[in-house]
Every structure is written in structure tokens, then in C-alpha cells.
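Structure, as C-alpha cells:
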Amino acid sequence: MMEYTFTLKYRLPENETDMDSLVERLGEAGCTDALIGTGTPGRLGLEFSREAETAQEAVRSALADVKAAIPDAILVEAGPDLVGLSDIAGYMGVTRQNMRKFTIANRDFPLPVHEGSAALWHLADVLAWLEARKGYELDQGLLETAAATLEVNTVKESRRHSVRGPGSWSS
């Protein structure tokens, strides 16, 4: 067994206004290993520290527990997943400027999923790239967790787009 740390962020249904009741239901559903944030009206953030055999098992069981407590809540995102340069630098223990130089110097660095004034990468892609380069000591729990949350977010977005129907564009 290993402990995995991750976040789940939700949009709450409009009728979900009693936060004390919501927190109680989450506890009854098994979310006693989560810090619960209810500061933004209509939103819910949970930071889990969950023991499981795998990160995938930890994340999936947390998703099921939240679903049991708040069936109509809509998952906004699971993390850690999308990260900027500062986040990556923090994981690597270097400055943001050093990380920027690193991404520029390594043309095979993973492509960002968003490029603009602030670029975003999938943490799992960056960690896998770093692991393949050798010489970097990476937290295996973080590697697993980033892969599990990337999978959750990918499936969520895939379902969201399939509900809208197939598009007419191609890449």
C-alpha cells in the first residue's frame, strides 16, 4: 500500500447549498481522507491523501465516493495534471528561469497542451520524459498519480465532446 495525494474539483448542483450537510455526506461516503474546500459558491475542491495499491485505484475510489455522496456533482478536473513552468520547476527543485532554459535547450521536451502567455503541459508527459532521460530522481507516487489524473481528465473531456456529437474538422 502507498499513499497518493491528488485533488478533485467539482461544480455542485444548484440545489446543493448546505455545506455542513455536504461535508457530513462526504465523510459518510468515505472521504475522511480529504481536505474539503467549499470557499467558492457552487464549487467543491477535495485534496485527497488516499492509501491504495495503485494511484489509479486511489483516484477511482475517491471518484466513486464523491459520486455516492453528491450524485449530481460534475467533475471539473483531477490533479495534478495541467502544469505551468513554475509548477514543473517546483517538482524538479529548480527556478522557473532554469526550467524555461531547459525546455528551450531540449527540442524533444514534450509539447505543451496550451501555448500562449502561459504554456501548460500534462505533468505525466513531462515526468515520463524526465524519467526516460535518466539522471532524474522522480517520486514514483507522483508519476503514477499524474498518469492516473491525466487519464481521468482525458476520459472526462472525451465524454464531454462525444455528447456534443462528432465534429467535422480533422487534424
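The values are calculated or read from the model by the stated rules, or taken from the named source; none is laboratory data. In this text, all values refer to a predicted model and were calculated from it rather than measured experimentally. Virtual Cβ from ideal backbone geometry, glycine too; neighbours counted across all protein chains shown. These area figures cover heavy atoms from the full protein model, side chains too; ligands, DNA and RNA do not enter into them. Shrake-Rupley method; radii C 1.70, N 1.55, O 1.52, S 1.80 Å.
The stretch between VAL76 and GLU131 holds 16.9 nm of extra length on full extension. This uses 0.36 nm per residue minus the Cα-Cα distance. Summarised in one figure, the compactness ratio Rg/Rh of segment 22-108, Cα atoms and Kirkwood Rh, is 1.12.
Share of carbon and sulfur in the accessible area of the chain stands at 51%, probe radius 1.4 Å. Taking Lys and Arg as +1 and Asp and Glu as -1, the other residues whose beta-carbon sits under 15 Å from that of ILE104 total +2.
For the options THR154, THR17, THR54, a Gaussian network treatment of the chain with springs between C-alpha atoms closer than 10 Å singles out THR17 as fluctuating the most. One chain, two ends: ASN15 and LEU120. Fully extended at 0.36 nm per residue, the span grows by 34.4 nm beyond their Cα-Cα distance.
So, R0 is 22 Å and r is the distance between the beta-carbons of SER86 and THR40; what FRET efficiency does that work out to, to 0.05? Efficiency computed from Cβ-Cβ geometry: 0.50.
Label-to-label distance, ASN106 versus VAL94, with points set 7 angstrom from Cα along the beta-carbon direction: 0.7 nm.
For the chain, the solvent-accessible area with a 1.4 angstrom probe is 61 square angstrom per residue. Between ARG160 and GLU28, full extension at 0.36 nm per residue minus the direct alpha carbon distance yields a gain of 44.6 nm. Charge tally for ALA89 (other residues, Cβ to Cβ under 13 Å; Lys, Arg +1; Asp, Glu -1): +2. Could you state the number of Å between the C-alpha centres of segment 110-154 and segment 13-33? The two parts, judged by their Cα centres, are 31 Å apart. By the Kirkwood approach, averaging reciprocal distances over each pair of separate Cα atoms, segment 57-116 gets a hydrodynamic radius of 14.3 Å.
Legend: residues GLU131, GLU28, sorted from most to least accessible area (1.4 Å probe; ligands, DNA and RNA excluded), read GLU28, GLU131.
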